[in-house]
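Have a look at the structure below, then the notes.
Taken together, the values in this text are just the output of simple stated rules run on the coordinates, not laboratory data. The structure displayed is predicted, hence computed values, not measured ones. Quick reminder, even Gly has a Cβ in these numbers, built from the backbone with ideal geometry, and neighbours come from all protein chains shown.
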Amino acid sequence: MKHAYLIIAHTEFKLLENLISILDYPYNDIFVHIDKKVEYTIQYKPRHSKLIVVSDENRCNVVWGEDSQIHCELVLYRLAYETEKYDYFHLLSGIDMPLKSQEFIHTFFEQHKGIEFIGLMPNAWRTETKLMYYHFFISRPSPKTWKYFAHTGLIALQRIFHLKRNNMGWKILAKGANWCSLTYEAVGYILSQEFMIRKRFKHTMACDEVYKQTLLMNSPFAEKLYNKTDEYEGCLRLVDWNRGNPYTWTIADWNELMNSNKLFARKFSSAHWDIVEKLTNYIKEK
């Protein structure tokens, strides 16, 4: 099997370099998007994998909550999809790490070939608001700026006057973590809807966590999802939202990381390089 790793990075480039070194494996190729706001040239030269960086003209200025996050993913998916017929496409951030060796990961996906690994959040009650109303002034909830009040005011007006956007015939509105591992066929299906995605998801909020789930759950791919009830079991990512936003793993979490059945974890920081180094050595020794 051949795998494509798609990495979105905008900071912590020491971690990015280390991640690329871990993914450098004969049956992997690595695709990287560096945020347009920053300039960085990757130093690591893979020995086994092709390393393809998104060209300057296709880089996106990714802004929290906006559809630029979707555009960034689509650029990576399109680039990898048109490069080779990969069996799986793994979407990661530059501050993620695998928890297992590449041999383990490849064996796992060989055993689950054809299954889609994408998370669904149970009772995602805000999904309709994010998707069915226009969001012109997206702002983080804190601190509360003029954008925050303009945003909440416009949403309230749309609700009062019952102004809702076209639901495109979707019977299910689904949400979950945007980080996922999808087959060639699922990525091809998503890309076949690219024009609609770019148009319909414009002026939505945080819908990088909605568009893939909603498309797949309203298609035959819904029957191929690994787990529909546990969001992070579904995408096989270890993420802790109880201790952080999300929590940054430290050396004190070594046993938890080792005992996890997940394949990838986020997030890590160069401020806790001891856990990064220990996990890197463990994976490479395996």
For Glu256, what is the net charge nearby, where nearby means another residue's Cβ is under 12 Å from its Cβ and Lys, Arg count +1, Asp, Glu -1?
0
Work through the residues other than Ser101 whose Cβ is under 12 Å from its Cβ and net out their charges, Lys, Arg +1 and Asp, Glu -1.
+1
Out of all DSSP beta bridges in the chain, what portion is antiparallel? Express it as a percent rounded to 5.
25
Connecting every pair of Cα atoms under 10 Å apart in the chain and solving the GNM, the largest mean-square fluctuation among Glu231, Glu66, Glu194 falls on Glu194
How about Lys85: which lysines have a C-alpha closer than 21 Å to its C-alpha, ignoring those fewer than 8 places off in the same chain?
Lys2, Lys50, Lys113, Lys212, Lys224
Between segment 158-208 and segment 217-286, the Cα center-to-center distance that results, in Å
25
Sort 28-39, 74-85 by the packing proxy (mean of other Cβ within 10 Å over each peptide's residues), most packed first.
28-39, 74-85
For the chain, divide the Cα radius of gyration by the Kirkwood radius and give the resulting Rg/Rh value with two decimals.
0.96
Order by protection proxy (mean Cβ within 10 Å, highest first), peptides 265-274, 243-252, 137-146:
265-274, 243-252, 137-146
In segment 160-193, the chymotrypsin sites (Phe, Trp or Tyr not before Pro) that sit in a DSSP loop and have at most 11 other Cβ atoms within 10 Å of their own Cβ are Phe161
Could you work out how far helix 102-111 tilts from the main Cα principal axis of the chain, as a 0 to 90 degree angle to the nearest 10?
60
Build a GNM of the chain with springs between Cα atoms under 10 Å: which of Lys199, Lys224, Lys212 gets the top mean-square fluctuation?
Lys199
For Lys286, what charge total do you get from the other residues with a beta carbon under 9 Å from its beta carbon, if Lys and Arg give +1 and Asp and Glu give -1?
0
Go ahead and set up a Gaussian network model of the chain, Cα springs under 10 Å, then flag whichever of Glu73, Glu185, Glu256 fluctuates most.
Glu256
